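All remarks here apply to the structure that follows.
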Amino acid sequence: MTDNIKQSPGAALVIGGSGGLGRAICHALQKDWDGVFFTYHSNETAARELQAELSANGDCDCTAMDVRSTEAVQNAVDQAAARFGRIGTVVFASGATIGQPYVSQIEQNEWERVLDIELLGFTRLVRAVLPLFRSQGGGSLVSVVSFAPYHFPPGDALSSVPKAGIEVLCRAIAKEEGRYGIRANSVAPGIINAGLGDAFQKTLFTPEIWEAQRKRVPLKKFGEGEDIAEAVAFLASERSKYITGQTIIVDGGLSL
């Protein structure tokens with residue numbers, strides 16, 4: 001007799017869940033997964049608020065984690081697996097706090113700081129997650145990157161260079177790990193009214209400059225955190241089960 005019992009999808013692990021985009025991503029993922037486990041760096045107040053919001057509708061847990069520590073990253077993955085069992089998807093939504101300096105203004109120590117948090121942070125996560133996914137017979141990895149490689153805004157190198165590396169690494173994972181049922185994809189946000197995008201609109205340039213930029217967007221508006229979250233949720237889920245090594249650009253058409 002054939003066993004038709006459907007396997008539980010497992011839980012979602014979100015690295016950087018308490019941030020502007022991460023919060024929206026956690027809420028979107030809750031609809032598809034058995035639970036949500038997210039990490040935060042230092043803002044425990046925001047993390048506990050998010051945990052309370054998510055717990056009102058499902059199972060949720062969180063832990064503090066520094067992506068610059070290999071041990072801390074491994075411990076967070078282990079905690080998530082111990083708490084929920086199967087981890088069906090892992091989302092990397094963590095990022096460094098940065099400005100918008102031109103390349104000629106970026107000091108070496110600033111390159112090293114951002115690369116350590118973003119690109120090397122992602123490699124630490126990959127090292128911890130791939131053995132788990134293999135042991136489970138598969139899993140979905142989604143990274144939040146940048147639309148800058150497709151439409152570069154001056155002053156964005158410090159942010160976009162590490163994220164371009166993350167995007168390429170996702171393609172490598174897709175190519176090499178697909179045989180184990182592991183998928184890896186990326187979501188590239190444009191100008192978004194959440195996270196760094198929201199902060200930049202409040203602190204950089206004039207309202208007139210931002211309005212001119214908005215008019216360049218074919219949809220004539222900037223995106224919301226939920227727009228990114230829905231793209232992430234799609235790539236994380238079984239709805240995209242035959243998609244791997246790809247990047248969805250969510251920018252309202254600005255990169256066209």
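Where a number appears in this text, it was derived from the coordinates with a stated rule and is not lab data. Note that the coordinates shown come from a computational prediction; the quantities given were computed from them, not determined experimentally. All Cβ positions, even for glycine, are placed from backbone atoms using ideal geometry, and neighbour counts span all protein chains on display.
Of note:
- Under the convention that each Lys and Arg Cβ holds +1 and each Asp and Glu Cβ holds -1, the size of the dipole of the chain around its Cα centre is about 640 debye.
- Sequence of SER140, SER55 once ranked by neighbouring C-beta atoms within 10 Å, starting from the fewest: SER55, SER140
- Theoretical FRET efficiency, 1/(1+(r/R0)^6), r = Cβ-Cβ of VAL103 and ALA212, R0 25 Å, to 0.05: 0.60
- Choice from GLY225, GLY245, GLY181 showing the highest fluctuation, given a GNM over the chain with Cα pairs closer than 10 Å: GLY181
- Put a dot 7 Å past the Cα of LYS202, heading toward its Cβ, do the same for GLN7, and the two dots end up 4.3 nm apart.
- Paramagnetic label zone (point 7 Å from Cα along Cα-to-C-beta, LYS241; backbone N under 17 Å) in the stretch 4-37: 4-11, 32-34
- Projecting the Cα positions of GLY139, LEU219, THR244 onto the charge dipole of the stretch 136-256 (unit charges on Cβ atoms of Lys, Arg, Asp and Glu, taken about the Cα centre) puts THR244 furthest along the positive direction.
- Whole-angstrom gap from the stretch 55-75 to the stretch 201-256, using each part's C-alpha centre: 26
- Length-normalised contact order of the stretch 147-195 in % [C-alpha pairs under 8 Å, at least 6 apart]: 35
- Exposure proxy order (Cβ contacts within 10 Å, fewest to most) of LEU13, LEU50, LEU219: LEU219, LEU50, LEU13
- Toward the positive end of the charge dipole of the stretch 1-61, with +1 on the Cβ of Lys and Arg and -1 on the Cβ of Asp and Glu, the farthest Cα among ALA28, CYS60, ALA12 is that of ALA28.
- Each of LEU54, LEU21, LEU115 was scored by other Cβ atoms within 10 Å of its Cβ. Listed from fewest to most, they are LEU115, LEU54, LEU21.
- Most mobile listed residue (ALA231, ALA12, ALA172) in the chain, GNM with C-alpha springs under 10 Å: ALA172
- In the stretch 151-241, the chymotrypsin sites (Phe, Trp or Tyr not before Pro) that fall in loop regions by DSSP, at most 14 other Cβ within 10 Å: PHE205
- Rounded tilt (10° steps) of 44-55 against the dominant C-alpha axis of the chain: 50
- Potential lengthening of the chain between THR123 and VAL168 amounts to 15.0 nm, from the contour at 0.36 nm per residue minus the alpha-carbon distance.
- Among the listed pairs LYS163/LYS202; LYS175/LYS202; LYS175/LYS215; LYS163/LYS220; LYS31/LYS215, those beyond 31 Å (Cα-Cα): LYS175/LYS202; LYS175/LYS215; LYS31/LYS215
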